[in-house]
Amino acid sequence: MSTSMVYLTSDHIPDGYYKIKNYTFGNLVGRRLRDKELCGSFPAVRGNNVVWHITRRSHGKHLIRSVTDGLVAQCAPVPKEKGSIYVDREAFDWDIEQVSPVQPDCYLIFSSVKPRLVWGLRDEQDGTWVVFTDYMSNGRLWWRFEKATDAEIEDIDLTNKLGAASSQPYGQPSSILNDLSNQENYMSELKYEPPPFPSCLFGRDDFITSAVQLILQHPPARLAILGPGGIGKTTVAAAIFGCDDIKKIFTQHKAFTSCESLFMADQLVVNLCHCFQLTIQEKRPLKTLQSFLQGVPKALLVLDNFETVWNGDHESTLRLLQILDSYRHLTILITLRGALLPDGIIWTKPTLKPLQTLTVSAAKEIYRTISSTDDDKDLEKLMQNVDFLPLAIVLLAYLGKLNMSPSKLLSMWQDEQTALLRKQGGSKSDCLETSITLSLQSPLMKESKYTLKMLRIICYLPAGVKLDDLSQFASISRIDALKAIEILLKTGLVQQSEKKRLKVLSPVRYFILKQHACDIAEVSEIKQKYFNIIKNIKNIFTWVPSEVQHYLSLANEENDNIFYILNLCLDECSKDADIFNTVISYSQFLYFTIPSTALIQKAIAMYNLLCMNDKSGAAECLLSLGNIARTLQSYPEAISALKEAHAEFQQTGNKKSAAHCLKSLGDIATMTYKYLEGISALKEAQIEFEQVGDKRGVAQCLHSLGNIATMVNMHAEAALALEDAQAIFQHIGDRLGVAYCLKGLGDIAIMLSKHSEAMSILKEAQTVFQQIGDKLGVAQCLQSLGDNFRILHSYSEAISSLKEAQFEFQQIGYKLGVAHCLKSLSDIATMQSNYSEAISALTEGQAVLKQIDDKIGVAYCFKKQADIAVMLKNYPEAVSALKEAQAIFQNADDKLGVAHCLKKLADIAAMLKNYPEAISALKEAQIEFQKIENTADAEYCLSKIEEIGQLLTTVHIEIQQEERPAKAKGKF
C-alpha cells in the first residue's frame with residue numbers, strides 16, 4: 001500500500017479519490033456529521049469525511065462528490081461573496097484551474113456562473129466554513145489535491161463508489177454497479193415509486209389528452225414532453241402515467257424513473273431494473289433488463305429529467321435509448337428541457353408540441369388552490385409578471401400562504417424578481433433560480449463560446465429578436481449564431497415563437513439581466529439598430545407603398561423593443577437632444593398606429609427634471625402628447641397639453657407649431673360638438689399656416705373644416721373644402737392627407753345617396769391607408785363601408801365590415817370608433833327585428849361612450865333605446881330614456897338634441913291619446929327648433945299641434961252629438 005503524500009501538478013484533475021487541502025493553513029476540506037456545509041478541518045483528522053471523488057466531465061468541468069453519502073458539492077444559484085459551499089443531490093459543475101506555472105500543485109476552484117468568486121478559508125480554526133471569496137493572489141484561496149492512499153480507498157464504503165464506473169465503456173459490466181445492483185435494500189423503495197397523480201393540475205387537459213391518445217392509438221409510442229425549466233413537464237408526465245386510460249392498458253409493467261441525479265447510462269440501467277422490480281442476474285443489469293423487455297407483452301417507461309443523463313453521458317445514453325427503442329412492445333415517454341427532440345430514434349407523429357405557459361384562468365386556479373385570495377386584479381398582474389410559468393406561480397402561492405397578498409407579492413416581485421423565489425440550497429423544484437442555473441450549467445452551454453453572449457442579447461430585448469439581427473448584434477457569423485441558438489433551444493432557456501422570434505420567459509430574462517448583463521459594445525449596436533428604424537419611419541407617409549410596407553412592418557414588429565430602448569435612454573437622464581427628438585418622432589408614428597402617451601409623458605418629465613433650457617423641445621413634446629391624447633379621446637389632457645404648447649410656441653415665435661396646436665384644438669372642439677369654436681380655431685390656424693407657407697397645414701385645416709360642414713349637413717361646402725385640401729395634398733405628395741380627403745368625400749356621397757360612388761371612393765381610400773399602415777384610417781373606411789351596406793340593406797356585408805372595423809378600433813384603443821360601430825350594428829339588428837341584440841349592442845356602445853365622457857353620444861344612445869322601446873310598445877321605458885337624453889342635451893346646451901327629444905315625447909303622448917301633454921311637448925320643441933333656425937322641424941311641430949287641435953275639435957263635436965239624444969230622452 002502506498003502511504004506517500006502526492007500532490008497533483010497536471011493541467012487537469014484526473015478522475016479519482018482526493019483530499020483537498022488549503023495551501024496556507026493545511027486544513028482539509030470536510031464536513032461535520034449531519035452538516036451540509038463544507039468546512040476546513042485539522043490535518044490530523046482522518047476518515048472518509050475528508051475524501052472526495054472527483055470526476056472530470058465531457059465538457060471539462062468537474063463533479064466533486066462526497067464519498068460518505070454520494071452528495072455533490074455545490075453553491076447557491078447566484079453565488080455571492082461569503083456564500084457557503086454545501087452538498088446536495090443535484091449535479092453541479094466546478095472549474096478547477098492551476099494558479100500559475102510557478103505553483104503547478106496549487107489550484108483555484110470556482111463556479112462558472114461567477115468566475116471571480118473562488119473557494120477560500122478565512123482562518124485555520126477547525127470547522128471554519130469554506131466560502132466564496134473575490135479572487136486575489138492569496139494562498140488562502142489556493143488548494144492542493146492529495147491523492148487518497150490505498151488504505152483510505154479500501155475503507156470507502158461500496159455504496160459511495162458509484163462514480164468509479166463512469167470510465168467504463170457502456171454495455172460492459174461494472175463491478176461496482178453490479179455489486180450495487182444485487183443489494184436489494186441499498187436504496188429506499190420510495191426512490192423507485194412512481195409519483196402520484198398531481199393534486200394541483202390545471203390548464204393541461206388538452207395536452208394530456210393528446211399524449212394519451214397517441215399512446216393508445218400509435219403503439220408503441222415514442223413521445224417527448226419538451227419545454228423550459230419550471231414549465232411543469234414532470235407534473236404532466238405524472239398525470240399521463242397515472243390517468244385511468246393508461247392504467248387500463250398497462251396493468252402490470254410500467255415504470256417512472258427520474259434521471260435527475262444520474263450522470264451515466266449505467267446508473268439509469270440499474271434504476272430501471274429496480275423500477276421494474278427485477279433481480280439482477282449474473283451482475284449484469286443491462287442483460288437483465290433486456291431479457292425482461294423481450295418477454296413482456298406490453299410495458300410503459302417514463303424517463304423524467306432525461307436531459308441530465310442525455311447531456312452528461314451522451315454517447316452511452318444514445319446507445320441505451322436505441323436499445324430501448326428496439327423493443328416493439330415498450331412505450332417510451334421522456335421529459336426533456338428544451339424545444340428540440342433528441343436524435344437517434346424516430347418519434348411518434350404528430351410529435352407533442354413543447355409545453356407552453358399557462359392560461360390566465362389556469363394560473364389563477366393553481367394559485368387559489370394553494371393560497372386563497374379575492375384580489376383578482378393584482379393576482380392577474382402578478383401572474384403576468386412571471387409569464388404564467390407554473391413553477392413561479394406555485395412558489396408565489398406558497399409565499400401567499402404566509403399572509404402575503406397578491407398586491408404585496410407583486411410589489412416584492414417588481415423589486416426583487418427571481419430573488420423572491422430563491423431558496424438557499426433549494427432544488428430545482430422549489431427554487432426558480434436553481435432551475436435556471438441548472439440550464440445555464442448544462443454541458444451543452446460549453447459547446448459554443450457564443451451561447452451566453454447570444455442569451456444575454458436575447459434577454460436584453462423584451463420582445464425577443466430575429467436570428468439575422470442576433471448575429472449582427474453579437475458581431476458573429478450567421479453559422480456561429482445558428483449553432484449557439486440550437487444549443488439554447490436544446491437547453492430550454494430560449495423559445496422560438498411562431499413568427500420565428502427568439503424569446504425567453506420573464507423569470508429567465510430577469511435572472512440573466514442581473515447576472516450576465518450585455519457589454520457596452522453590444523448595447524450600442526442594439527441601440528443603433530432601433531434608432532435607425534425610427535429615423536427611417538419619420539417621413540414614411542410620403543413614400544411609395546413598397547418602402548412603406550417594409551419599414552411599417554418592421555416598426556410594428558419591433559414596437560416593444562423600440563419602446564424599451566427609448567425608455568432606457570430616457571432613464572439615463574441624458575441631455576442629448578437627439579434622444580428627445582427620437583422619442584417625439586416615434587410618438588408621432590404611434591399616433592397613426594397604436595397610440596400611446598407613455599413615452600412622451602416621460603420625455604416631458606425628464607425635460608422638467610433636467611431643467612433643460614430648450615423650451616421649444618418641451619413644447620414639441622407637449623404638442624405630440626396633445627395629439628396622441630386627442631386620438632385616445634382623453635380630451636381634457638389633450639386640451640391642457642396643446643394650450644401649454646401653444647403658449648410656449650407663441651413665446652418663442654414658432655408660428656408653424658403654434659398653428660398645429662390651434663388646428664388640433666379645433667379638431668377637439670369638433671369632436672365634442674362645439675362646431676363654432678372648432679371653425680374659429682381652424683380658420684385661425686389656416687391663416688397662420690398660409691403666412692408661414694406651410695401648404696400641408698393649410699390642407700389639414702381645409703380637411704377639418706370640410707368635416708364640420710359634413711356634420712351640419714352642408715354637403716356642397718364640405719365637398720368643396722375637401723376637394724381643395726385633396727388637391728394640395730396631391731401637389732405636395734402627402735398620400736395620407738389624400739386618403740383622409742377621399743374618406744370624407746366618400747361619407748358625403750353616402751349622405752347624398754350616391755352609394756356606388758361612395759363605395760368606390762371609400763375602397764380607394766382604404767387601399768391607401770393600408771399601404772401607408774394607418775390603422776385608424778383603415779378602420780374608419782371599414783366603418784363607412786359598413787354604414788353604406790346598411791343603408792342598402794346588404795346586412796351581411798354591413799355586419800362583416802362593421803365588426804372588422806370594431807376590432808381594428810379596439811386594437812388601437814379608439815373607443816369612439818368602437819361605439820359608433822356598435823351603434824350601427826344595433827341599427828341593423830333593429831331593422832331585422834332582433835331587438836334583444838339591438839339593445840345589447842346599444843348598451844355596450846353607451847358604456848364605451850361613458851368611458852370617454854362623450855355625453856352627447858350617451859344621449860343619442862338613450863334616444864335609440866327609446867325608439868326600440870316604442871317598437872316594443874314599452875312606452876314608459878321609452879319616455880324614461882328620452883327624458884334622460886333630454887337632460888343631457890340641455891346640460892350640453894344642444895338645442896337640436898333637446899328639440900328632437902321633445903318631439904319624440906309628443907309622438908308617444910299622442911299615441912297614448914294624452915293630447916294635452918303632446919301639445920305641450922310640441923310647443924316646447926317648436927321653440928327649440930326656432931332658436932336654431934330649423935324652420936322645417938318647427939313647421940312640422942306647428943302642423944302636428946294643429947292636427948291634434950282639429951282631432952280634439954272633431955272628438956268634442958262627436959261627443960256632443962252623442963250626448964244630445966241622451967239628454968232629450970231623459971227629458972221625456
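The values are calculated or read from the model by the stated rules, or taken from the named source; none is laboratory data. What you see is a predicted model, and the numbers here were worked out from it, not measured in a lab. All Cβ positions, glycine included, derive from the backbone under ideal geometry; neighbour counts span all protein chains shown. Heavy atoms of the whole protein, side chains included, go into the accessibility calculation; ligands, DNA and RNA do not. Shrake-Rupley method; radii C 1.70, N 1.55, O 1.52, S 1.80 Å.
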>> Taking the 0 to 90 degree range and rounding to the nearest ten, how far is the long axis of helix 915-931 tilted relative to the main principal axis of the chain, both from C-alpha atoms?
In response: 80 degrees
> With all protein chains present and a 1.4 Å probe, how do Thr149, Thr351 order by accessible area, largest first?
Replying inline: Thr351, Thr149
> Taking θ as phi - 60°, what are the ³J(HN,Hα) couplings along segment 734-740 by the Karplus curve (6.51, -1.76, 1.60), each to the nearest whole Hz, with x for Gly and Pro?
Replying inline: 8, 5, 5, x, 4, 4, 5
>> Rounding to the nearest 10 and keeping the result within 0 to 90°, find how far the Cα-based axis of helix 615-631 lies from the longest principal axis of the chain.
In response: 70 degrees
> Under 5 Å between amide H atoms, partner at least 5 residues away or on a different chain: which partners does Thr335 have, H built in plane at 1.01 Å?
Replying inline: Ile225, Leu303, Asp304, Asn305, Phe306
>> Cross-link candidates for Lys298: which aspartates and glutamates have Cα within less than 15 Å, leaving aside residues fewer than 8 places away along the same chain?
In response: Asp245, Asp325
>> Rg and Dmax in Å for segment 293-388, alpha carbons only: what are they?
In response: 19.3, 57
> Going down the table (Lys147/Lys446; Lys349/Lys514; Lys535/Lys655), which pairs top 32 Å between alpha carbons?
Replying inline: Lys349/Lys514
> R0 = 56 Å: FRET efficiency of Lys931 with Lys514, Cβ-based, nearest 0.05?
Replying inline: 0.25
> Among Lys527/Lys695; Lys873/Lys895; Lys823/Lys923; Lys466/Lys490, which pairs are too far apart, with a Cα-Cα distance over 24 Å?
Replying inline: Lys527/Lys695; Lys873/Lys895; Lys823/Lys923
>> Quick check: with the 1.4 Å probe, what order do Ile888, Ile839 take by accessible area, largest first?
In response: Ile839, Ile888
> Out of residues 5 or more away from Ala221 or on other chains, whose amide H comes under 5 Å of its own, with H placed 1.01 Å from N in the peptide plane?
Replying inline: Ile332
> If ligands, DNA and RNA are left out, what is the accessible area of Ile799 with a 1.4 Å probe, given in Å² to the nearest 10?
Replying inline: 50 Å²
> Expressed as a whole percentage, what fraction of the accessible surface of the chain belongs to carbon and sulfur atoms when a 1.4 Å probe is rolled over the protein heavy atoms?
Replying inline: 51 percent
> Taking a label point 7 Å from the Cα of Arg32 along the Cα→Cβ vector, which residues of segment 119-137 have an amide N closer than 20 Å to it?
Replying inline: 120-132
> Just one of (1) 39.0, 154; (2) 30.4, 102; (3) 35.0, 112 is Rg and Dmax of the Cα atoms in Å as worked out from the coordinates here. Which one is it?
Replying inline: (1)
>> Ignoring GluC sites (Glu not before Pro) that are buried or in helix or strand per DSSP, and keeping those with at most 12 other beta carbon atoms within 10 Å, what is the longest stretch of the chain between them?
In response: 573-932
> Short version: ³J(HN,Hα) in whole Hz for each residue of segment 328-343, in order, from phi by Karplus 6.51 cos²θ - 1.76 cosθ + 1.60 (θ = phi - 60°), x for Gly and Pro, what are they?
Replying inline: 7, 10, 9, 8, 10, 10, 10, 10, 8, 5, x, 10, 10, 6, x, 7
> To the nearest Å, what is the center-to-center distance of segment 803-864 and segment 107-151, using C-alpha atoms only?
Replying inline: 72 Å
>> Given axes a ≥ b ≥ c from the Cα gyration tensor, I'd like to know whether segment 204-337 is rounded (a/c under 1.5), prolate (a/b larger than b/c) or oblate.
In response: oblate
> Taking amide hydrogens as modeled 1.01 Å from N in the peptide plane, which residues meet the under 5 Å criterion relative to Ile109, leaving out close sequence neighbours?
Replying inline: Trp119
>> Is the C-alpha gyration tensor of segment 443-518 telling us rounded, prolate or oblate? Criteria: a/c under 1.5 is rounded; beyond that, a/b larger than b/c is prolate, otherwise oblate.
In response: rounded
> How large is the accessible surface per residue of segment 300-374, computed with a 1.4 Å probe and reported in Å² as a whole number?
Replying inline: 42 Å²
> Rank Ser448, Ser361 by accessible area, highest first, at a 1.4 Å probe radius?
Replying inline: Ser361, Ser448
> Roughly how much of Met911 is accessible, in Å² to the nearest 10, using a 1.4 Å probe?
Replying inline: 100 Å²
> When the Karplus curve 6.51 cos²θ - 1.76 cosθ + 1.60 is applied with θ = phi - 60°, which whole-Hz ³J(HN,Hα) does each residue of segment 290-295 get, with x for Gly and Pro?
Replying inline: 5, 4, 5, 5, 5, x
> Which angle from 0 to 90°, rounded to the nearest 10, does the C-alpha axis of helix 265-275 make with the longest principal axis of the chain?
Replying inline: 80 degrees
>> Taking the full set of protein chains and a 1.4 angstrom probe, give the accessible area of Thr631 in square angstrom, rounded to the nearest 10.
In response: 10 Å²
